[in-house]
1. State yes or no: is Glu99 assigned by TED's automatic domain parsing to the domain that holds Asp23 and farther than 20 Å from Pro132 by Cβ?
2. Condition (residue is over 20 Å from the mean Cα position of the chain (by Cα) and either part of a loop (DSSP other than H, G, I, E, B) or of a type outside the set (A, V, I, L, M, F, W, C) (or both)) applied to the stretch 77-88: is it met by at least one residue?
3. Given Gly28, Gly71, Gly24, which one is in the same structural domain as Leu131 (by TED's automatic domain parsing), free of Cβ contacts under 8 Å to residues at least 24 places away in the same chain, more than 21 Å from Gly139 (Cα to Cα) and surrounded by fewer than 21 Cβ atoms within 10 Å (Cβ to Cβ)?
4. On the given criteria, is Leu61 outside any loop (DSSP other than H, G, I, E, B), over 29 Å from Phe128 (Cβ atoms) and either in contact with a strand residue (DSSP E or B) (Cβ under 9 Å, 6 or more places away or on another chain) or assigned by TED's automatic domain parsing to the domain that holds Ser126 (or both)?
5. Identify, from the list Leu36, Leu47, the residue that is aliphatic (A, V, I, L, M) and buried (at least 20 other Cβ atoms within 10 Å of the Cβ).
6. Look at Lys91 and say whether it is among the basic types (Lys, Arg) and without any contact (Cβ under 8 Å) to a residue 40 or more places away in the chain.
7. So which residues in the stretch 103-136 are under 17 Å from Leu75 (Cβ atoms), surrounded by fewer than 16 Cβ atoms within 10 Å (Cβ to Cβ) and in contact with a Ser or Thr (Cβ under 9 Å, 6 or more places away or on another chain)?
Amino acid sequence: MPSAGCLCWQVKELVLDNCRSDDGKIVGLSSDFENLEFLSMININLLSVSNLPKLSKLRKLELSDNRISGGLEVLAERTPNLTHLNLSGNKIKDINTLEPLKKLPNLHSLDLFNCEVTMLINYRESVFTLLPQLTYLDGFDADDQEAPDSDPEADGDGLEDEYENGEGEDFLLLVRLFGNRNTYLPLLLVEGEEEDDDEEEDDLDEEVIDDEEDEDDDLEGEEEEDGVDDEVRLFVIATNLQHHVAVVGGAFVP
């Protein structure tokens with residue numbers, strides 16, 4: 001099985017929700033994810049983003065339901081192209097905590113629902129004054145007009161739509177990491193190029209992929225019959241576990 005780092009650069013979307021951190025810091029993420037555009041770390045017990053790696057292409061960052069109270073200057077330094085930031089449900093208490101976000105010129109959408117800062121008098125006016133590049137704060141613009149459902153900057157669906165519409169450059173079906181406060185399950189990636197022949201695309205059978213070496217030859221034969229050009233490759237991030245995955249109609253079934 002290939003090492004974890006060999007394909008990280010191809011990952012554009014990574015979900016680490018509910019993978020609880022024991023020390024309140026980000027675990028298992030490195031600058032090898034250089035092309036990452038969407039990162040979700042909801043409810044992972046984060047106290048700080050101080051060890052967030054450099055992710056120059058990151059556009060959307062979901063950090064809701066953590067315990068972050070400051071240190072946002074790291075985001076300006078390491079995620080310079082961020083357009084959407086969700087800090088809802090954190091320990092943000094005052095407007096000055098948000099000042100480092102002034103250095104994110106492309107930041108158009110900021111969510112602070114359920115943060116203490118939202119209880120301050122003139123909260124919205126103060127944030128829009130501090131961050132003039134913002135279009136939406138908590139889903140509404142400066143004139144209290146709600147963001148349209150179709151606005152990718154407000155709802156963060158733009159990147160997802162690229163894959164749904166087949167516009168993504170990579171054949172990235174799903175990248176998702178599940179876990180709990182003690183363990184991380186493997187991150188599995190199926191990558192390849194789809195055949196132009198629609199009949200072959202529709203003939204993808206259910207396969208159970210095992211990491212035993214004696215099944216590699218059989219797997220390659222099945223891939224050729226099922227219309228997948230490139231080798232199906234699986235890799236593991238933060239491992240120590242064995243895992244089987246079924247590929248059913250182009251989707252993962254853990």
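The values are calculated or read from the model by the stated rules, or taken from the named source; none is laboratory data. Worth saying up front: this structure is predicted, and the values here are computed from it rather than measured. Cβ placement follows ideal geometry from the backbone for every residue including glycine, while neighbour counts extend to all protein chains displayed.
1. For Glu99, the condition - assigned by TED's automatic domain parsing to the domain that holds Asp23 and farther than 20 Å from Pro132 by Cβ - is not met.
2. no
3. Gly71
4. Judged against the criteria, Leu61 is not a match.
5. Criteria check complete, one pass: Leu36.
6. yes
7. Asn106
Residues are listed down the side, and each one gets a yes or a no for (1) modelled with pLDDT of 90 or more; (2) in contact with a Cys (Cβ under 7 Å, 6 or more places away or on another chain):
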{"site": "Leu87", "(1), (2)": "yes, yes"}
{"site": "Ile92", "(1), (2)": "yes, yes"}
{"site": "Asp111", "(1), (2)": "yes, no"}
{"site": "Ile121", "(1), (2)": "yes, no"}
{"site": "Gln145", "(1), (2)": "yes, no"}
{"site": "Asp157", "(1), (2)": "no, no"}
{"site": "Gly168", "(1), (2)": "no, no"}
{"site": "Arg176", "(1), (2)": "no, no"}
